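A.B. asks: Got a structure for you, questions after.
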Amino acid sequence: MKRLILLAAGLSLCYGLAAVQHKGSHISSVSMNDDNLSDDCTERLRVSNDDFRTSVRDEETRSLPNQPLSISAEHNGGIRVTTWDKPDFALKLCKQVSVDDEAEGRRLLAETKIVVEGGHVSISAPESDDHYSLGTLLLVKAPRNAKLDLRVFNGGVSLTNFTGTATAHAHNGGIALRRSTGKLSLDAQNGGISIKDCGGDIDARVQNGGISVNLPEHWDGKGLEAHTQNGGLVLVVPKNMTSGVEVSGSNYTSIICKGDACDGAERTWDSRGRILRFGGSNPQIRATTVNGGIVIEARGHQRGEL
């Protein structure tokens, strides 16, 4: 089976950042749409492979009581979490397979299912085979203040409008946060992390990948710690931001500011590294990189390297 990689490739999860897998003469791709709140699987998950005659879809739903959950995606599958106002969890597994025979495709999808063992949720799928390409995406609607541990391998994690406590681990994939708050711990290896319009207490760490942060005017909560090893940082800063920011890197790190976000910033350049502070005396947002550059963006004209 040519499994399809659901990647938060680079820094976001959306159509247009489809993962591609080459195997022999076959090319398979899958894309995950994170641009709206729909839970329609046909909008969320798209699998394509021109080497097979047909593509078959199916989905499975489950309801679980509110409890701390550990959720593991199917290998090369993705997880998307949102918060809703109901007291229980709602799970929907979107699944699609490219295959030569429709009946065979329906059998394969029937064997791809949600498995619940106490507080652990996983996805069971058929053994690998070269005669089809399978993609899965697990949609999770969580009660407010839910506690989650999320894990993907060769896949992406997305939390949108989430309120609660969550840890997210992505190996060979990325993590995207949008309009989310709470105590959130993010760890990505060989993939990026994107954080947009969030708050709370967030710790984001990347090994071999970049971090993109789109800041609100005021950070509501303890703050953000964002660190990447072997990757760059991009910060988008609103004009009237009131929260303090500190970015730092090695003495080889380039820091580029676009617009007027860095006007009045305090700079410390020495043999130990480079530090730039702006927006307030007590930084709530701290971001560092090793072996990567830093870009700070604001609306308006561009400035040169600092």
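The values are calculated or read from the model by the stated rules, or taken from the named source; none is laboratory data. Keep in mind it's a predicted model, so treat the numbers as computed, not measured. As a convention, Cβ positions derive from the backbone with ideal geometry for all residues, glycine included, and neighbour counts pool all protein chains shown. We work out accessible area using only protein heavy atoms, side chains counted, and drop any ligands, DNA or RNA first. Shrake-Rupley method; radii C 1.70, N 1.55, O 1.52, S 1.80 Å.
A.B. asks: What ratio of Cα Rg to 2.2 N^0.38 Å holds for the range 148-256?
C.D. replies: It is 1.02.
A.B. asks: Given Cβ point charges of +1 (Lys, Arg) and -1 (Asp, Glu) and nothing else, what value in debye, to the nearest 20, does the dipole of the chain about its Cα centre take?
C.D. replies: 660
A.B. asks: If you don't mind, another one. Estimate the FRET efficiency between V115 and Q207 by the formula 1/(1 + (r/R0)^6), using the beta-carbon distance for r and 35 Å for R0, to the nearest 0.05.
C.D. replies: Once the sixth-power term is evaluated, E becomes 0.75.
A.B. asks: Another question, if that's okay. Along the charge dipole of the chain, which of P65, V47, P126 sits closest to the positive end, that is, farthest toward it, with unit charges on the beta carbon of Lys, Arg, Asp and Glu (+1, +1, -1, -1)?
C.D. replies: The residue sitting farthest along the positive end of the dipole is P65.
A.B. asks: Under 17 Å from a point placed 7 Å out from the Cα of D270 along the Cα-to-Cβ direction: which residues of the range 215-257 have their backbone N that close?
C.D. replies: Once the point is set 7 Å along Cα→Cβ of D270, 247-253 turn out to lie under 17 Å by backbone N, inside the range 215-257.
A.B. asks: Calculate the dipole size of the range 39-157 relative to its Cα centre from +1 charges on Lys and Arg beta carbons and -1 charges on Asp and Glu beta carbons; express the result in debye to the nearest 20.
C.D. replies: Once rounded to the nearest 20, the dipole reads 740 debye.
A.B. asks: Antiparallel DSSP bridges in the range 180-272: what percent, to the nearest 5?
C.D. replies: So the antiparallel bridges amount to about 0 percent of the total.
A.B. asks: Per q in 0.08, 0.11, 0.12 Å⁻¹, report the Debye log10 I(q)/I(0) for the chain, using one uniform scatterer on each alpha carbon and no solvent.
C.D. replies: -0.38, -0.68, -0.78
A.B. asks: For the range 51-142, how big is Rg over Rh, using alpha carbon atoms and the Kirkwood form of Rh?
C.D. replies: That ratio equals 1.02.
A.B. asks: Within the range 214-231, which residues have the backbone N less than 19 Å from the label spot 7 Å out from K239 along Cα→beta-carbon, could you tell me?
C.D. replies: From the range 214-231, the list is 214-219.
A.B. asks: If you fit an axis through the alpha-carbon atoms of helix 102-111 and take the longest principal axis of the Cα set of the chain, what angle between them do you get, 0 to 90°, nearest 10?
C.D. replies: Between helix and principal axis, roughly 60 degrees.
A.B. asks: In what sequence, largest accessible area first, do E117, E59 appear using a 1.4 Å probe?
C.D. replies: Ranked list, largest accessible area first: E117, E59.
A.B. asks: Just the number, please: percent antiparallel of the DSSP beta bridges in the chain, rounded to the nearest 5.
C.D. replies: Given both bridge residues lie in the chain, the antiparallel proportion sits at roughly 35 percent.
A.B. asks: Ok, one more. Over the range 120-251, what is the relative contact order in whole percent, taking alpha-carbon pairs under 8 Å and six or more residues apart? It would help to have the intermediate numbers written out before the result.
C.D. replies: On the way: 304 pairs, mean separation 18.9, N = 132.
It comes to 14 percent, rounded to a whole number.
A.B. asks: Quick one: ranking V140, V116 by accessible area, 1.4 Å probe, largest first, what do you get?
C.D. replies: Working: V140 0, V116 45 Å².
Largest to smallest exposure gives the sequence V116, V140.
A.B. asks: Just the number, please: carbon plus sulfur as a percent of the accessible area of the chain, 1.4 Å probe, no ligands or DNA/RNA counted.
C.D. replies: So the carbon and sulfur contribution to the accessible surface is 45 percent.
A.B. asks: What do you reckon, how do R277, R179, R272 stack up by accessible area (1.4 Å probe), largest on top?
C.D. replies: Sorted descending by solvent-accessible area, the residues read R272, R179, R277.
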